[in-house]
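Right, one structure below, let's go through it.
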Amino acid sequence: MIGVPSAMAPPAPLRFLRQSLQQAQTVGALWPSSKGLSRAMVEPVFAEAHKSRERLRVLEVGAGVGPVTEELVARLLPGDRLDVVELNPEFCAVLRERFAAAPVVPAVHQVSITEFNPGVRYHHIVSGLPLANFPAKLVEAVYQRIFELLEPSGSFVMFEHVLGREILNTFAAGEARDRIARLLEIEAELEPLVVSSKTVPINMPPARVVVRRHPEAGRAEG
Ligand SMILES: C[S@@+](CC[C@H](N)C(=O)[O-])C[C@H]1O[C@@H](n2cnc3c(N)ncnc32)[C@H](O)[C@@H]1O
């Protein structure tokens, strides 16, 4: 683990659990991602890095207490850039403290991704956002912003809980059912962009890492 948490603060996973009970809709999970899921999330970022090791610009969205951030900072090189966008102020405080001494110190921005305007585009965007919890309009706004912030040659990595939407769709009624149906439609519209999908069973709950390309990928060459 990088950085030492303050002696007075409860350990990061307990702070995550407390926030998840208070902010269930935006946090969307009870416990931080497992080591296996966190590693699977960053694999696509570094898979091709040996080919053209230009300075990487990486954006992490919805970092929580930082299990995926930890894997990113362990692999980034001095000169690379890591921005972290996290809505929850307590998680931002944990992230700033935890990674203050990392070789590449992440710049932590306490803002919604839909409002984030860094003035640059990223080679890779990695997201832990609980999209299945969000209203459909917010999910559309998130994807739009992500693709505005991603280089056309870049990759967008996210995870989703296995069968999460399908189970909700089966048990939801009324407006909730309409919302899930629209989320499934949005996913179907984005299906042609999927580059890979990998299930990580050892996580609470089991998850799937999905990598998408930019909608404009390859247009310039075509
Ligand atoms: C499921 S947790 C994932 C945390 C961490 N990446 C992990 O894997 O353990 C989702 C995170 O997204 C954050 N979040 C929710 N809505 C957001 C938004 N609009 N912009 C940025 N972060 C957001 C929450 O505060 C929470 O930390």
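Out of all DSSP beta bridges with both ends in the chain, state the antiparallel percent to the nearest 5. Don't skip to the answer; put the middle values down first.
Working: 13 of 31 bridges.
Roughly 40 percent of the DSSP beta bridges within the chain come out antiparallel.
State the answer as a single residue: which of V65, G79, V42 lies farthest towards the positive end of the charge dipole of segment 33-101, with beta carbon charges of +1 for Lys and Arg and -1 for Asp and Glu, about the Cα centre.
G79
Positive end of the dipole of the chain, charges at C-beta (+1 Lys, Arg; -1 Asp, Glu), about the Cα centre: which of V209, L131, F99 has its Cα farthest in that direction?
F99
Is there a quick way to get the dipole size of the chain? I mean about its Cα centre, with the Cβ of Lys and Arg at +1 and of Asp and Glu at -1; what is the value in debye to the nearest 20?
Values: 24 positive and 25 negative charges, 89 e Å.
Here the chain has a charge dipole of around 420 debye.
Given the options P118, P106, P206, state which has the largest fluctuation in a GNM of the chain using a 10 Å cut-off (strictly under) for Cα springs.
Checking each option, the largest mean-square fluctuation is seen for P118.
In whole Å, how far is the Cα centre of segment 180-222 from that of segment 22-39?
Between the Cα centres of segment 180-222 and segment 22-39 lies a distance of 19 Å.
Of A47, A107, A63, which is the most mobile in a GNM of the chain whose springs link Cα atoms less than 10 angstrom apart?
A47
Taking the Cα centre of segment 38-127 as the origin, how large is its charge dipole in debye, to the nearest 20, when only Lys and Arg (+1) and Asp and Glu (-1) carry charge on their Cβ atoms?
Details: 10 positive and 12 negative charges, 69 e Å.
The dipole of segment 38-127 has a size of about 340 debye.
Over the C-alpha atoms of the chain, what are the Rg and the largest Cα-to-Cα span, Dmax, in Å?
17.0, 57
Given a 10 angstrom Cα cut-off, can you work out which residue in N203, N117, N88 is the most mobile in a GNM of the chain?
Highest fluctuation of the listed residues: N117.
Give me the number: length gained by fully extending L193 to L30, i.e. 0.36 nm times residue separation minus the C-alpha to C-alpha distance, one decimal in nm. Can you show the working numbers first?
Details: separation 163, 0.36 × 163 = 58.68 nm, distance 2.95 nm.
Gain on extension, L193 to L30, equals 55.7 nm.
All of the numbers you see were taken from the coordinates with simple rules; none came from a lab. Note that the structure is a prediction, hence the values are computed from the model and not measured. Note: ideal-geometry Cβ built from the backbone for every residue, glycine included; neighbour counts use all protein chains shown.
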